[in-house]
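Step one of this worksheet: look at the structure below.
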């Protein structure tokens, strides 16, 4: 007779996306097929890339903190750079996408930010201190930070320059809302 304690509970496998920071910008160039290979060598399953900006879909039974550590170390070692990435599951990505407080307008980009706990407060404080282009706005919804900026001003805006500071590089990354939509369609 089998005892309840003898039955192993099934391993929970999560579908996740790793959002890599600083990929294919400022000299950090990598092919997404090679990035996927690094993930597979670390035991990730069903690995694929969405766009060339460092959005890697995969399945794993490990938690987000374990995954972050394993994958950052693997990426840093393989590509000889200091890798930063943030792991979110489908529910978290759906929340970033659906909680977007801004209405899509053709003359603006809307970005959602993924990062360490509490980074949304730091980002809104920095935004409030910066000068703004006409129509530029930022908001926090829950624990997610969103930024709307006129097209063509993303890197040149005062806030955009703040986002590039070295002291913030390990704290967050951002994606256009269109990218979140593409990721969700492939999950």
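The values are calculated or read from the model by the stated rules, or taken from the named source; none is laboratory data. This is a predicted model, so every value here is computed, not measured. Cβ atoms come from the backbone with ideal geometry, glycine included; neighbour counts cover every protein chain shown.
The listed residues are 96, 87, 47, and the only one of them that is over 17 Å from residue 116 (Cβ atoms) and surrounded by 17 or more Cβ atoms within 10 Å (Cβ to Cβ) turns out to be 47. Where strands (runs of 3 or more DSSP E) fall entirely within segment 78-142, those with at least 1 residues that are within 13 Å of the chain's Cα centre (by Cα) are at 85-89, 108-115. Selection of segment 143-158 for residues being in a loop (DSSP other than H, G, I, E, B) and surrounded by 15 or more Cβ atoms within 10 Å (Cβ to Cβ) yields 143, 153, 154, 157. In segment 85-100, is there at least one residue being modelled with pLDDT under 95 and closer than 18 Å to residue 35 by Cα? Checked segment 85-100: no residue is modelled with pLDDT under 95 and closer than 18 Å to residue 35 by Cα.
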